[in-house]
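Each remark here refers to the structure printed beneath this line.
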Number of protein chains: 2
Amino acid sequence: MNEETPGPAARRVRLVVAYNGEPFHGFAISAGVSTVAGTLTDALRQITGHAVVLTGAGRTDAGVHGWGQVVTFDLPADREINRDLVRIAKSLNSMLEPHIVIRDAAWVAPDFDARFSALWRHYRYRVLNTPTGNPFEAATSWHVTTPLDLRAMQLASDAFIGEHDFSAFCRRPKLSGPSKDAPEPSMARRVISARWSDAGSGILHFEIRANAFCQQMVRSIVGTLVEVGMHRRRAGEMTGILRSGSRAMAGHIAPPHGLCLMEVGYPT
Amino acid sequence: MNEETPGPAARRVRLVVAYNGEPFHGFAISAGVSTVAGTLTDALRQITGHAVVLTGAGRTDAGVHGWGQVVTFDLPADREINRDLVRIAKSLNSMLEPHIVIRDAAWVAPDFDARFSALWRHYRYRVLNTPTGNPFEAATSWHVTTPLDLRAMQLASDAFIGEHDFSAFCRRPKLSGPSKDAPEPSMARRVISARWSDAGSGILHFEIRANAFCQQMVRSIVGTLVEVGMHRRRAGEMTGILRSGSRAMAGHIAPPHGLCLMEVGYPT
């Protein structure tokens with residue numbers, strides 16, 4: 001943690017936040033339900049005396065976990081506590097553990113933005129591929145009892161690497177109000193890597209890194225790849241699904257609790 | 001799983017059961033609260049039509065987890081389902097997952113008893129030894145923020161190996177009714193191995209194997225060893241505490257959720 005006191009022009013804070021998505025209705029603030037950003041904002045208000053506005057690197061859906069979520073916000077240095085980030089992080093942890101943990105806190109330049117400064121996001125999806133379940137993996141993995149063909153899933157994953165229009169694997173954002181006449185948002189994303197690995201004890205990891213993700217993209221890709229692993233689809237179908245741009249062509253969406261935002265990359 | 005249909009004299013069943021202790025008030029049946037044995041008994045009644053009486057290898061306390069708990073019970077083969085263990089295990093899993101999972105089911109000899117046939121029990125205690133918490137370890141480890149001296153804890157652990165009177169590390173069973181005049185139960189137990197290891201990512205494992213354990217014995221030993229790891233006690237004190245036979249001499253009891261019954265050993 002950077003313990004330097006900020007100058008008057010350097011009051012932006014960056015937190016690295018881990019959370020168990022199970023008790024939350026997603027990351028983003030939403031009226032009437034408990035969310036990660038809402039819980040953090042409430043705690044920060046109590047500690048700092050300010051109604052801070054959080055920006056998160058990834059808007060994880062309900063049930064999705066975070067290990068390396070990054071958030072930024074501005075903090076007027078009017079109170080003594082607001083110049084002591086180590087104390088703020090400790091207070092947050094004592095209020096929010098065990099569901100939310102602040103892993104790091106630092107002062108950053110005023111133009112650093114958790115969302116727009118990010119170069120890439122890395123998500124991990126965990127599949128428990130055993131005939132019977134595991135009570136200790138239930139909250140953080142998708143239990144698939146059919147034996148999966150890891151090699152076929154890896155072959156199919158290679159098709160996603162590079163820049164593609166991911167319309168077939170994404171939930172289209174709802175347009176309402178003035179934005180109705182706005183141009184359709186682009187679903188073009190650049191996947192840097194997509195790799196399956198055997199983590200032992202029947203756990204399979206799918207690691208995917210991209211410049212950005214559209215909504216439900218990882219879960220939709222995983223749902224389709226698991227159908228390949230079950231030999232219900234061929235690995236060679238992926239390019240055709242991407243080109244179709246049609247959600248109906250892709251597989252079922254994998255459940256949220258297997259997914260975790262692991263890390264966000266920024267310019268160094 | 002042993003799929004053989006039992007003969008008339010071989011109706012005893014052995015299950016290997018994993019469970020997340022968090023939602024349960026311990027293993028043993030207790031009136032008015034949800035327990036692992038109670039939940040299993042209810043499910044077995046629904047599936048088999050019998051009010052079976054379960055024997056467990058270890059009576060884990062409230063909050064303690066199981067990975068290799070062993071239970072035995074008798075099943076009259078009056079209905080067809082009661083001759084098909086694979087189906088019984090599948091039905092149990094579909095009713096009880098994700099909190100309870102039947103890992104194995106087998107027919108055993110009528111004199112096999114989960115408790116009295118056991119030669120040893122192996123428990124693991126997990127400590128998360130990092131400055132900040134981890135939302136994914138919170139349910140299965142004790143978070144200790146003070147850096148622990150693993151070597152001192154190992155040195156202290158060696159004192160427990162062999163046969164000792166563990167009165168100083170055990171909760172005395174409450175005596176009531178006719179057993180008031182019975183002789184005090186023996187607290188002599190034989191510890192076969194006791195070892196600390198670094199499991200990575202700040203997780204420490206304490207593995208202890210003994211012929212049997214008295215109540216709260218592992219948690220009491222771990223609580224005392226962690227005080228050694230914090231340099232609040234010396235490793236050399238353990239033998240003196242054992243000899244004192246006094247609970248007041250031992251350390252605080254470690255919380256239940258770090259503890260898991262891993263495996264039970266039987267004659268082969």
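Whether any residue in region B:57-64 is on the phi > 0 side of the Ramachandran plot, assigned to a loop (DSSP other than H, G, I, E, B) and at pLDDT below 95 is what I want to check. No, region B:57-64 contains no residue that is on the phi > 0 side of the Ramachandran plot, assigned to a loop (DSSP other than H, G, I, E, B) and at pLDDT below 95. Figure legend. Inter-residue proximity from region A:96-111: first residues farther than 17 Å from A:I47 by Cα and facing chain B (nearest Cβ under 9 Å), second residues among the basic types (K, R) and buried (at least 18 other Cβ atoms within 10 Å of the Cβ), beta-carbon distance below 6 Å, spacing 6+ or different chains. No pairs are indicated. Checked against (1) within 14 Å of chain A (Cβ to nearest Cβ); (2) surrounded by 17 or more Cβ atoms within 10 Å (Cβ to Cβ); (3) β-branched (V, I, T), B:V70 passes all but a single condition, namely (1). Do we have any residue at all in region A:101-114 that's touching a Ser or Thr at 6+ places or on another chain (Cβ under 8 Å), of a type in the set (D, E) and surrounded by 15 or more Cβ atoms within 10 Å (Cβ to Cβ)? Looking for residues that are touching a Ser or Thr at 6+ places or on another chain (Cβ under 8 Å), of a type in the set (D, E) and surrounded by 15 or more Cβ atoms within 10 Å (Cβ to Cβ), one finds at least one in region A:101-114, hence yes.
In region A:94-120, which residues are of a type in the set (A, V, I, L, M) and assigned to a loop (DSSP other than H, G, I, E, B)? Passing the criteria: A:A109, A:A114, A:A118, A:L119. Quick one: would you say B:R79 is farther than 30 Å from B:M230 by Cα, surrounded by fewer than 17 Cβ atoms within 10 Å (Cβ to Cβ) and touching a residue at least 24 places away in the same chain (Cβ under 8 Å)? Yes. Total residues in region A:9-56 satisfying the condition of being in a loop (DSSP other than H, G, I, E, B) and within 20 Å of A:V218 (Cβ to Cβ): the figure is 9.
Summed over region A:121-176, the residues that are of a type in the set (S, T, Y), assigned to a loop (DSSP other than H, G, I, E, B) and more than 14 Å from chain B (Cβ to nearest Cβ) give a count of 2. With the structure loaded, tell me whether B:R195 is of a type in the set (K, R) and either farther than 30 Å from A:N93 by Cβ or modelled with pLDDT under 95 (or both) or whether it fails that test. Yes. A single member of B:H205, B:H231 is under 26 Å from B:G58 (Cα atoms), surrounded by fewer than 23 Cβ atoms within 10 Å (Cβ to Cβ) and modelled with pLDDT of 95 or more, and it is B:H205. Does A:V144 satisfy being outside the structural domain of A:H50 (by TED's automatic domain parsing) and crowded, with 19+ Cβ neighbours inside 10 Å? So A:V144 fails the test. Name the single residue that is modelled with the lowest pLDDT among those in region A:161-191 being within 17 Å of A:Q216 (Cα to Cα) and of a type in the set (G, A, S). Step by step, filter region A:161-191, then rank; the result is A:S186.
The values are calculated or read from the model by the stated rules, or taken from the named source; none is laboratory data. Note that the structure is a prediction, hence the values are computed from the model and not measured. We place every Cβ from the backbone using ideal geometry, glycine too, and count neighbours over all the protein chains shown.
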